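Read through the structure below, which is laid out as structure tokens, and then see the notes.
What follows draws every value from the coordinates through simple rules; no lab data is involved. Remember, predicted model here, so these are calculated numbers, not experimental data. Cβ sites come from the backbone with ideal geometry, for glycine too, and all protein chains shown count toward neighbours.
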Amino acid sequence: MLRELIHKPGQTVSEIARTMKLRRPIVSIHLRLLAARGLLCARRRGARVHYTTEPDSTIPEAKLIVGALREIFQTEKHSAQYVFRLATAFTHPRRQAIYEALHKTDCSFTALRRQTAMSSRALRRHLHKLAKRGFVAATSDTYWAITPPGRLAKLLADLAPEAAR
């Protein structure tokens with residue numbers, strides 16, 4: 001949806017739903033969520049609401065995120081998949097906590113388990129997801145935080161430890 005609005009600003013829920021072959025209620029919910037997080041601006045014109053990717057000036061990170069997304073959606077061939085992969089790295093508070101712990105210092109699995117108070121199974125699952133998205137690397141039993149290349153990845157890596165607090 002963000003890619004659609006970056007390429008063609010000012011679309012309505014119905015236009016985006018038609019273009020993306022999605023149901024209007026689903027599109028409406030997601031656009032409102034994105035607007036609530038400061039990534040979109042919604043302007044009512046009569047009975048319709050038109051959306052643009054104008055970041056909310058009261059949310060400092062919104063301008064940076066929208067700028068990084070514009071850059072990606074205008075240059076990357078498989079941009080939607082790339083953004084989804086990066087964006088889902090920190091959607092769970094446990095992954096944010098893991099990244100914050102590793103951001104401070106490299107850890108063994110045991111030390112990381114103690115710091116985060118997670119079960120071994122949960123910790124392995126979240127470490128695996130972070131590693132697949134390029135935010136964690138490991139040797140046999142030492143883990144550390146890394147940042148995948150790109151402006152959006154760096155921004156998300158910088159924001160993740162703050163979000164964990």
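Details
- Stretchable slack from ILE29 to THR142, in nm (0.36 nm times residue separation minus alpha-carbon distance): 36.6 nm
- Taking only the C-alpha atoms of the stretch 2-59, Rg followed by Dmax gives 10.6, 33 Å.
- As a length-normalised measure over Cα pairs under 8 Å and 6 or more apart, the relative contact order of the chain settles at 18 percent.
- For a paramagnetic label modelled on SER57 (point 7 Å from Cα along Cα→Cβ), amide N atoms under 17 Å away belong, within the stretch 12-50, to 38-43.
- Fully extending the segment from ARG125 to ARG70, taken as 0.36 nm per residue of separation minus the present Cα-Cα distance, adds 16.7 nm.
- Evaluated at q = 0.11, 0.13 Å⁻¹, the base-10 log of the normalised Debye intensity for the chain, with identical point scatterers placed on the Cα atoms, takes the values -0.53, -0.70.
- The label-point distance for ASP106 and LYS8, in a model that sets each label 7 Å from Cα toward Cβ, rounds to 5.0 nm.
- Listed peptides 4-15, 76-87 appear in the order 4-15, 76-87 once ranked by packing, highest mean of other Cβ atoms within 10 Å at the front.
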